[in-house]
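Heads up: the structure comes next, in structure tokens.
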Amino acid sequence: MKTILITGGAGFIGSHVIRRFVKKYPDYKIVNLDNLTYAGNLANLRDVEKAPNYEFVRADITAGELMKALFKKYRFDGVIHLAAESHVDRSISSPMEFIYANIVGTVNLLNAARTVWEDFSEKRFYHISTDEVYGSLGATGFFYENTSYDPRSPYSASKASSDHLVRAYFHTYGLPTVISNCSNNYGPFQFPEKLIPLAIHNIKNNKLIPVYGKGENIRDWLYVEDHAVAIDQIYHEGKIGDTYNIGGHNEWKNIDLIHLLCEIMDRKLKRSAGTSKNLITYVKDRAGHDLRYAIDSGKIQKELGWKPSLQFAEGLEKTVEWYLANEEWMKNVTSGDYQKYYEHQYTKR
Ligand code: NAD
Ligand code: DAU
């Protein structure tokens, strides 16, 4: 039986990866290592938490010696590393947390793998990263695997650093690493600080929808389960030392996305057409706000045969249905500190 360490498994994307691996690979033991920050939530994994091939370990990846001890105890065959501080706005207000979790935490895992693994053959260290490391695009063009890094927020700079360190451990120590850089994910279990679940939550509660700047920034959206499929394929079939870009070929201007979401919400909540749009409020822009991200995912499509399965309208509809059907989940994650962080008054533009 192989033992796979998945870090950050109580978060948004990690919980979908854990669910997929626990169900699809009964002959793997899946160890979910997460320290349960505000973004980590074991309720994301209720349907698999009792599975015989699943174990949760609460631990912080910034604790280097503990990581080595866990590598010795569990004798991991492979690592899928998702644990990170993930929200750009928080990285602007509290950059150090991103340095510790994303850079120091990643190096601790690399060191544990390098020193505890005696033989690298059959092993794999898979690091999950973001398209934000490539910087910001103008109106045209795409990010390719060989696009130069140009991170512009503390979050993306911390992820870029961790990517560089992963590659350094591959080149210097021969650690069998692989990296993927993905575009914006959406879907169930995403913490309502990110644009789509935040807007759903606010529309539901008749609160304003804060649109940064003029709403003209563009993101390339991918349904989270499609990302989990890509991660599964890259973990099993990706080439050691390689990088794979993952994206939805699905670019949306923020304001157009919000309009579509408002239409879906009006319909689902049986409100008259146009009700939700009245909540749209243009607010002060994010500092250093990247204009456009767009991934060319030709490599993973060609080499591994992966492509997104869902159209955006369908994925967004499913996502809205999930949030409306899981009010209790939303109530739990928006209690306590949430109000302090996210329900503040925005400055109107
Ligand atoms: P998330 O914020 O929802 O989850 C992160 C998880 O990591 C949480 O469960 C949290 O408790 C855990 N964590 C944070 N710091 C930790 C620490 N020091 N020790 C142990 N656990 C810790 O994030 P997400 O959106 O699911 O993103 C997961 C990964 O995918 C991140 O590495 C992120 O950079 C990357 N990514 C995200 C997106 C996206 O659109 N959300 C896109 C591309 C890449
Ligand atoms: O591109 C991949 C990245 O996507 C991931 O690496 C990050 O972890 C993930 O958080 C996401 O980053 P973004 O900054 O693009 O996501 P966010 O949901 O915060 O914002 C999406 C867009 O919407 C962005 O242009 C900012 C804007 N926005 C966001 C919020 C929260 C608003 O206009 N209003 C808001 O309230």
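The values are calculated or read from the model by the stated rules, or taken from the named source; none is laboratory data. As the structure is a computational prediction, the values presented were derived from the model and not from experiment. As a convention, Cβ positions derive from the backbone with ideal geometry for all residues, glycine included, and neighbour counts pool all protein chains shown. When the accessible area is computed, the model is the full protein with side chains, heavy atoms only, and any ligands, DNA or RNA have been set aside. Shrake-Rupley method; radii C 1.70, N 1.55, O 1.52, S 1.80 Å.
So residue 57 ticks every box in (1) surrounded by fewer than 18 Cβ atoms within 10 Å (Cβ to Cβ); (2) assigned to a strand (DSSP E or B); (3) within 19 Å of the chain's Cα centre (by Cα) but one. Which box is left unticked?
Only one criterion is unmet by residue 57, namely (3).
Out of segment 189-221, which residues are more than 16 Å from ligand 1 (Cβ to nearest atom), open to solvent by 20 Å² or more (accessible area, probe 1.4 Å), part of a loop (DSSP other than H, G, I, E, B) and touching a strand residue (DSSP E or B) at 6+ places or on another chain (Cβ under 9 Å)? Let's see the steps before the verdict.
So the first thing to find is which residues in segment 189-221 are more than 16 Å from ligand 1 (Cβ to nearest atom), and the list is 202-216.
Now narrow it down to the ones that are open to solvent by 20 Å² or more (accessible area, probe 1.4 Å): 204-208, 212, 214, 216.
With part of a loop (DSSP other than H, G, I, E, B) added as a condition, the list becomes 205-208, 214, 216.
Of everything in segment 189-221, those that are more than 16 Å from ligand 1 (Cβ to nearest atom), open to solvent by 20 Å² or more (accessible area, probe 1.4 Å), part of a loop (DSSP other than H, G, I, E, B) and touching a strand residue (DSSP E or B) at 6+ places or on another chain (Cβ under 9 Å) turn out to be 208, 214, 216.
How many residues, within segment 290-306, are in contact with a helix residue (DSSP H, G or I) (Cβ under 9 Å, 6 or more places away or on another chain) and within 16 Å of ligand 1 (Cβ to nearest atom)? Give the derivation first.
Keep residues of segment 290-306 that are in contact with a helix residue (DSSP H, G or I) (Cβ under 9 Å, 6 or more places away or on another chain), which gives 290, 293-295, 297, 300, 303-306.
Now narrow it down to the ones that are within 16 Å of ligand 1 (Cβ to nearest atom): 290, 293-295, 297, 300, 306.
Counting residues in segment 290-306 that are in contact with a helix residue (DSSP H, G or I) (Cβ under 9 Å, 6 or more places away or on another chain) and within 16 Å of ligand 1 (Cβ to nearest atom) gives 7.
When you scan segment 145-165, how many residues do you find that are more than 23 Å from residue 286 (Cα to Cα), in a loop (DSSP other than H, G, I, E, B) and within 19 Å of the chain's Cα centre (by Cα)?
To start, the set of residues in segment 145-165 that are more than 23 Å from residue 286 (Cα to Cα) comprises 145-148, 162-165.
Remaining after also requiring in a loop (DSSP other than H, G, I, E, B): 145-148.
Pick out the ones that are also within 19 Å of the chain's Cα centre (by Cα) and you get 145.
The qualifying residues number 1.
Matching residues to (1) open to solvent by 50 Å² or more (accessible area, probe 1.4 Å); (2) among the charged types (D, E, K, R):
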position	(1), (2)
143	no, no
147	no, no
150	yes, yes
167	yes, yes
172	yes, no
175	no, no
181	no, no
187	no, no
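Only one of these is surrounded by 19 or more Cβ atoms within 10 Å (Cβ to Cβ) and at pLDDT 95 or above: 36, 82, 42. Name it. Don't jump to the end; show me each part of the working.
Working: 36 fails: surrounded by 19 or more Cβ atoms within 10 Å (Cβ to Cβ); 42 fails: surrounded by 19 or more Cβ atoms within 10 Å (Cβ to Cβ).
The match here is 82.
Going through 321, 314 one at a time, which residue ends up being touching a helix residue (DSSP H, G or I) at 6+ places or on another chain (Cβ under 8 Å) and among the acidic types (Asp, Glu)?
Numbers: 314 fails: touching a helix residue (DSSP H, G or I) at 6+ places or on another chain (Cβ under 8 Å).
Just one listed residue meets the conditions, 321.
Name the one entry in 243, 177 that is modelled with pLDDT of 95 or more, in contact with a helix residue (DSSP H, G or I) (Cβ under 6 Å, 6 or more places away or on another chain), within 16 Å of ligand 1 (Cβ to nearest atom) and within 19 Å of residue 81 (Cα to Cα). Give the derivation first.
Details: 243 fails: in contact with a helix residue (DSSP H, G or I) (Cβ under 6 Å, 6 or more places away or on another chain).
After applying the criteria, what remains is 177.
Matching residues to (1) open to solvent by less than 10 Å² (accessible area, probe 1.4 Å); (2) in a helix (DSSP H, G or I); (3) small (Gly, Ala, Ser):
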residue	(1), (2), (3)
271	no, no, no
313	no, yes, yes
318	no, yes, no
328	no, yes, no
